[in-house]
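What follows is a single structure, written as structure tokens, with notes after it.
The values are calculated or read from the model by the stated rules, or taken from the named source; none is laboratory data. Because the structure is a prediction, the values reported are computed rather than measured. FYI the Cβ positions are ideal-geometry reconstructions off the backbone, even for glycines, and counts take in every protein chain you see.
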Amino acid sequence: MLIKRLVLGLVVGLLSTMVLAEYYPKEELITFDRDSVAGGKGKLYGNFAFKRDAALKDHAIKEIGWMTLQPGDSIGLHKHELNEDAYIIISGEGTFKDTDGKQYAVKAGDITIVRKGESHELVNTGKEPLIFLDVIAEQ
């Protein structure tokens, strides 16, 4: 009985020191703004929990962040060779173009996903900032 309690105590102690979830407060996000992303127009403003160079090899999510495109600005058409990319539109309006060149009007609540080997583009066609969550994952 004593051995069971010691083992249980050891397991509970080890589990309590392990990181089982991650939390990234808004105030601690990494600011990374880029001009003319993938040949697009204007500036893409980004605030990331972490970026690809800091992602652990065995974690599927390689990058996640809040992104903002000002009216008229865009992310140019680009291909995802090794990873997948999802945009979750929070506010604003835009046009999303897929691998086949098909365009979709996007707005708050819409989600776009580009799989490995596919291409996409995003343009802010509205009069307000286009804000979206960008999640890049890799198998």
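Details
- Taking the range 24-57 as the range and being loosely packed, with under 11 Cβ neighbours inside 10 Å and without any contact (Cβ under 8 Å) to a residue 12 or more places away in the chain as the test, the residues that pass are 25, 27, 28, 35, 53, 56, 57.
- Hits in the range 77-103 - residues which are farther than 25 Å from residue 139 by Cβ and either outside any loop (DSSP other than H, G, I, E, B) or touching a residue at least 24 places away in the same chain (Cβ under 8 Å) (or both): 90, 91, 92, 93, 94, 95, 103
- Residue check for residue 48: within 26 Å of residue 27 (Cβ to Cβ), assigned to a strand (DSSP E or B) and of a type outside the set (Val, Ile, Thr): yes
- Taking the criterion of being assigned to a strand (DSSP E or B) and either surrounded by fewer than 16 Cβ atoms within 10 Å (Cβ to Cβ) or not aliphatic (A, V, I, L, M) (or both), the residues of the range 104-122 that qualify are 104, 105, 107, 111, 112, 113, 119, 120, 121.
For every residue, the table says whether it meets (1) at pLDDT below 95; (2) out of contact with any His (no Cβ under 7 Å at 6 or more places or on another chain); (3) under 16 Å from residue 132 (Cβ atoms); (4) not aromatic (Phe, Trp, Tyr).
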| residue | (1), (2), (3), (4) |
| --- | --- |
| 38 | no, no, yes, yes |
| 54 | yes, yes, no, yes |
| 58 | yes, yes, no, yes |
| 66 | no, yes, yes, no |
| 88 | no, yes, yes, yes |
| 102 | no, yes, no, yes |
| 105 | no, yes, yes, yes |
| 108 | no, yes, yes, yes |
